[in-house]
């Protein structure tokens with residue numbers, strides 16, 4: 001039929017005739033496009049996961065920490081620190097925890113040596129800590145007013161510690177704090193904004209004072225601010241807590257760290273993109289190389305084509321089209337591969353898959369461009385070949 | 001077969017007029033020196049000569065694969081020296097069918113595919129192209145082998161595929177370069193027989209060879225030496241044809 005159709009058929013047959021060679025030179029565009037698609041897809045998916053997490057956790061949580069003042073091993077905040085910060089008009093809620101230093105928690109009797117060497121941090125916490133943190137319990141309940149009023153020996157485990165203790169959901173479990181038995185009433189879900197809470201055990205302030213013999217003064221405050229006032233509120237917190245006293249207070253907004261993490265991913269994405277570009281370029285050189293050798297190997301074919309009436313430009317176009325097909329196919333396979341990688345990793349990591357479908361054709365186009373440019377020299381070489389020299393021996 | 005005498009008056013299919021071909025720039029080497037030759041329809045002609053006599057150059061010029069340094073090459077009366085590559089390629093494809101010593105079949109194509117190669121880029125429907133190619137193969141007794149690749153065929157069969165490729169375009173002239181050089185005597189005899197069959201009142205068959213026994217099978221024998229035509233004999237007819 002039309003000449004271009006003939007050309008497509010001839011180029012396709014040429015590629016199919018050397019399947020291994022064709023697959024080898026396709027590797028460049030395949031790896032390049034797969035790298036770029038998966039680089040962008042993975043970082044975007046990870047970022048999507050982070051952003052989803054941020055949206056869920058909120059960006060308005062402030063953590064205030066008692067600063068270490070001289071001579072104090074365990075700097076504390078005033079006992080009424082929560083009330084003090086709640087006086088700030090932009091604070092919507094606040095909760096405090098106290099580090100109970102010197103309290104040894106044992107999951108079972110006789111495990112003391114290990115747990116003295118690696119003590120599990122025990123914290124005293126108020127009723128509203130989970131609600132301020134915006135996390136729920138995976139299991140059981142949080143400490144409540146009855147624990148205090150009925151003087152119950154109740155403890156809630158952080159998610160990490162529950163795993164470490166081998167705590168089974170719903171299990172009736174007794175652990176020892178400073179030799180006293182405490183019943184596990186619940187497990188707090190992991191707190192992405194403050195992972196130190198995952199490895200802590202929580203008791204009521206009453207238990208801290210009366211059962212474990214500590215002063216129960218808070219060390220950290222978890223504060224929620226009105227949306228959009230987080231930074232300003234964080235600045236106001238030290239003054240509000242201090243009220244002219246000598247207490248040093250430092251504040252941080254943990255969601256900032258997550259934001260920074262997504263920025264770090266951006267850098268990773270750029271590195272991966274660069275690697276993809278590099279793969280494409282090296283792949284392009286590979287194509288140019290192999291096609292050049294191929295032109296020499298196929299000089300008889302070129303000669304005979306010229307002899308039967310194919311023009312120089314037709315022969316050149318035939319070889320250029322072979323490169324073009326390598327680029328198209330390589331790009332296509334690479335894109336599919338990259339998308340599969342993103343889906344696979346996202347599924348494993350529990351991310352929401354984000355694929356920049358709008359960008360995929362750009363990478364494929366780039367692979368195509370590289371392949372065509374790589375095929376240019378071999379094609380010109382093929383077109384310029386003198387048929388008589390290749391056809392006649394002697 | 002028509003007697004050659006009747007065709008002398010027909011216009012030449014292909015004509016070289018005082019053609020020279022010089023290789024090299026600093027040191028000029030004359031491969032052909034002012035050669036004139038007319039190839040007429042219906043001729044079965046051989047061009048014979050030892051190595052270095054200019055046969056190879058002659059093949060390139062007759063096949064419009066090469067440009068003369070001076071002189072004129074005409075195909076069916078048309079001067080082809082001024083044509084661009086695409087047009088020259090078209091004229092070559094239409095007017096000339098090549099057969100080579102090494103067959104030069106494209107290894108990854110079947111016999112049919114190889115013959116079809118000569119019909120590509122001519123706006124022929126694939127179905128028609130296949131039919132024509134098959135007919136050409138069938139004419140040379142290779143209908144059964146249409147789906148085979150060159151490696152699956154004997155030398156004689158491969159050369160017949162090459163012949164089918166040469167004639168599938170119905171060319172004015174079949175130009176063969178040592179067509180029997182790579183064949184044993186039985187196959188060579190068979191191929192030469194076919195050559196005689198290919199020749200028709202409209203078509204010429206030209207064999208370029210160094211083999212005198214092959215050359216002698218042709219009714220017109222042009223002998224070359226040192227880039228010149230030294231003899232142009234017609235069997236049964238004395239004197240030069242279009243040579244000098």
Among the residues of segment B:82-100, what is the count of those that are in contact with a helix residue (DSSP H, G or I) (Cβ under 9 Å, 6 or more places away or on another chain) and either more than 9 Å from every other protein chain (Cβ to nearest Cβ) or surrounded by 20 or more Cβ atoms within 10 Å (Cβ to Cβ) (or both)? 9
Could you give me the residue pairs with C-beta distances under 6 Å whose first residue belongs to segment A:374-393 and is free of Cβ contacts under 8 Å to residues at least 40 places away in the same chain, whose second residue is in a helix (DSSP H, G or I) wherever it lies, and which are 6+ apart or on separate chains? A:392/B:56
Number of the exception - residue B:76 against (1) in contact with a helix residue (DSSP H, G or I) (Cβ under 9 Å, 6 or more places away or on another chain); (2) modelled with pLDDT of 90 or more; (3) more than 10 Å from every other protein chain (Cβ to nearest Cβ); (4) under 26 Å from residue B:201 (Cβ atoms): (2)
Which of the helices (runs of 4 or more DSSP H) contained wholly in segment B:125-244 include at least 1 residues that are out of contact with any strand residue (DSSP E or B) (no Cβ under 7 Å at 6 or more places or on another chain) and surrounded by 19 or more Cβ atoms within 10 Å (Cβ to Cβ)? B:126-139, B:155-167, B:185-198
Looking across segment B:41-72 at residues that are under 13 Å from the mean Cα position of the chain (by Cα), in a strand (DSSP E or B) and farther than 17 Å from residue B:19 by Cβ, the single one that is modelled with the highest pLDDT is B:46
Quick test of your reading of the structure: residue A:23 fulfils all but one of (1) under 34 Å from the mean Cα position of the chain (by Cα); (2) in contact (Cβ under 8 Å) with a residue 24 or more places away in the chain; (3) in the same structural domain as residue A:266 (by TED's automatic domain parsing). Name the failing condition by number. (2)
Options A:331, A:286, A:316; residue that is touching a residue at least 40 places away in the same chain (Cβ under 8 Å), within 14 Å of chain B (Cβ to nearest Cβ) and part of a helix (DSSP H, G or I): A:316
Does residue A:247 satisfy the condition of being outside any helix (DSSP H, G or I), away from chain B (no Cβ under 14 Å), farther than 30 Å from residue A:326 by Cα and under 39 Å from the mean Cα position of the chain (by Cα)? yes
Of the residues A:60, A:74, A:80, which is closer than 27 Å to residue A:157 by Cα, away from every other protein chain (no Cβ under 14 Å) and without any contact (Cβ under 8 Å) to a residue 12 or more places away in the chain? A:80
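The rows are residues; the columns are (1) surrounded by fewer than 19 Cβ atoms within 10 Å (Cβ to Cβ); (2) touching a helix residue (DSSP H, G or I) at 6+ places or on another chain (Cβ under 7 Å); (3) within 14 Å of another protein chain (Cβ to nearest Cβ); (4) in a helix (DSSP H, G or I).
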residue: A:361; (1), (2), (3), (4): yes, no, no, yes
residue: A:371; (1), (2), (3), (4): no, yes, no, yes
residue: A:375; (1), (2), (3), (4): no, yes, no, yes
residue: A:383; (1), (2), (3), (4): no, yes, yes, yes
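Quick grid of which residues meet (1) in contact with a helix residue (DSSP H, G or I) (Cβ under 8 Å, 6 or more places away or on another chain); (2) at pLDDT below 95:
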{"residue": "B:142", "(1), (2)": "yes, yes"}
{"residue": "B:148", "(1), (2)": "yes, no"}
{"residue": "B:160", "(1), (2)": "yes, yes"}
{"residue": "B:176", "(1), (2)": "yes, yes"}
{"residue": "B:192", "(1), (2)": "yes, yes"}
{"residue": "B:207", "(1), (2)": "yes, yes"}
{"residue": "B:213", "(1), (2)": "no, yes"}
Check whether at least one residue in segment A:6-24 is away from chain B (no Cβ under 14 Å) and either surrounded by 16 or more Cβ atoms within 10 Å (Cβ to Cβ) or not in a helix (DSSP H, G or I) (or both), and report yes or no. no
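The values are calculated or read from the model by the stated rules, or taken from the named source; none is laboratory data. This is a predicted model, so every value here is computed, not measured. Ideal geometry is used to build each Cβ from the backbone, glycine not excepted, and the neighbour counts take in all protein chains shown.
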